[in-house]
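The values are calculated or read from the model by the stated rules, or taken from the named source; none is laboratory data. These numbers come from a predicted model, not from an experiment. A quick note on method: Cβ atoms are made from the backbone with ideal geometry, for glycine too, and the neighbour counts reach across all protein chains shown. Accessible surface is based on the protein model in full, side chains and every heavy atom, while ligands, DNA and RNA are left aside. Shrake-Rupley method; radii C 1.70, N 1.55, O 1.52, S 1.80 Å.
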Amino acid sequence: MTPALVFILAATGLTLLVVAVLCVALWRGALAGARANRGGTPADQQDLPTQANAAVYRDQLLDLEREHALGRLSDEELQVGRDELTQRLLEDVGPVPVMPADNTGVDGMASSHETRLRKPWWLMLSVIFCVPVLSMGMYSVLGEPQALDPLAAQQGMGNEGDVTPEKLVAMATALTRRLQDEPNQVDGWVMLGRVQRALGRYGEADEALRRALALSQDDNVWIERAEVLAQKNGGNFAGEPWAIIQRVLTADPHQLNALLLAGSASYAEDNFRSALRFWERAREEVSPDSPDAPELDRAIAEARSKLGLPPALPRADSVSERDAAIQASSISGRVSLVSELAGKVAPTDTVFVYATPVTGSRMPLAIVRTTAAKLPFDFVLDDSTAMNPAAKLSDAQEVTVRVRISKSGQATQQAGDLGVSVSPVKPGSTGLNLMVRDALR
């Protein structure tokens, strides 16, 4: 049983215990109220001294009636005596509660009792519903629900610093325990295989990936297993690893991971021609802006070098498209200073060249920085020089291009700064000639 499951069972048990205690208290309160409403038993209504006083008065009333029967008291004297005894009894015992007219009788009392018992049922149902729901809501806000998922918790360990062998062992242990309780988790088996592989436990990694493949046939997982098998065999792809790669490529000739691994396997066997063929096919599947493209280009260049072939020419389509897109959204030109102002500018003064929207915000969409010693200075403003990725030069229709020479080096304009501006300028403009002739106003 995992720690997360123990926590869930304990929390559920405590919640049920609290709900039970509250319901019992409400039920007992309801029964006590019902007994009070019915009038209770004589022992509930009167204490022993009160019962003794009532007996004394009953004896005195019997004496009056006996005297009346013997003729010693007239009817009027008997009535007066009864009234006096009744008054004294009321003073000693207190007033007798009177039942409302609509509640008299057995039916009335039953109706009142039933009405009073309805409220506890509603209260108990409210408690049974509200206590668990509110508890779960508070835990989701104030607690750490992710801590109940060992996989998420172990994945979060990587954010606390470098992944050490100790952390990997802890991750493998947690995943193994989880998968003992939930053996049908494909992602869990894949993750366990990767962790075991990182620990160099290739046999355990192979077993975990086989368990994942038994649940779901995924080509990428098959390729991972082929690589693990090769590592298990000391880097040798002969046998089952190559069989897996060929089976995947037969089913899908464009499977990128299979092409990459086939190239690596061929290169490891010094079969550079096959490696080049597989990697060139993989390169066709990789977009020019992919982070994998530079590394794949280097692998292709190395394979060509091993074969004595010249370096491959850049892909004309991708290069031209990329260069055309950059040129269409950039602004280029030259900044220079008139000779009359040369004496007012020190070589260490900072030169800012930037573009701002023609209207609205004055926040630069693109900016470059240099020093006066490098004037005249050829500049290019594009999205790579943006200050904020959310506000790019390529998104603007027209901008104002500004130059400012600052002695303080501060971003905000200061008195005495030199500069020039031109507006409006459309992205894609080239050959701008920005000559600084005067101070900024």
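Annotations
- Considering the range 233-285, the residues that are on the phi > 0 side of the Ramachandran plot and without any contact (Cβ under 8 Å) to a residue 12 or more places away in the chain include one that is farthest from the chain's Cα centre (by Cα), namely Asp270.
- Out of Ser329, Ser406, sole residue that is at pLDDT below 85 and buried (at least 16 other Cβ atoms within 10 Å of the Cβ): Ser329
- Filtering the range 336-354 to residues that are outside any strand (DSSP E or B) and either closer than 22 Å to Val425 by Cβ or open to solvent by less than 50 Å² (accessible area, probe 1.4 Å) (or both) leaves Val338, Leu341, Val345, Ala346, Asp349.
- Candidates Leu440, Leu432, Leu381, Leu418, filtered to the one that is of a type outside the set (Ser, Thr, Tyr), under 18 Å from Ala342 (Cβ atoms) and either open to solvent by less than 40 Å² (accessible area, probe 1.4 Å) or under 38 Å from the mean Cα position of the chain (by Cα) (or both): Leu418
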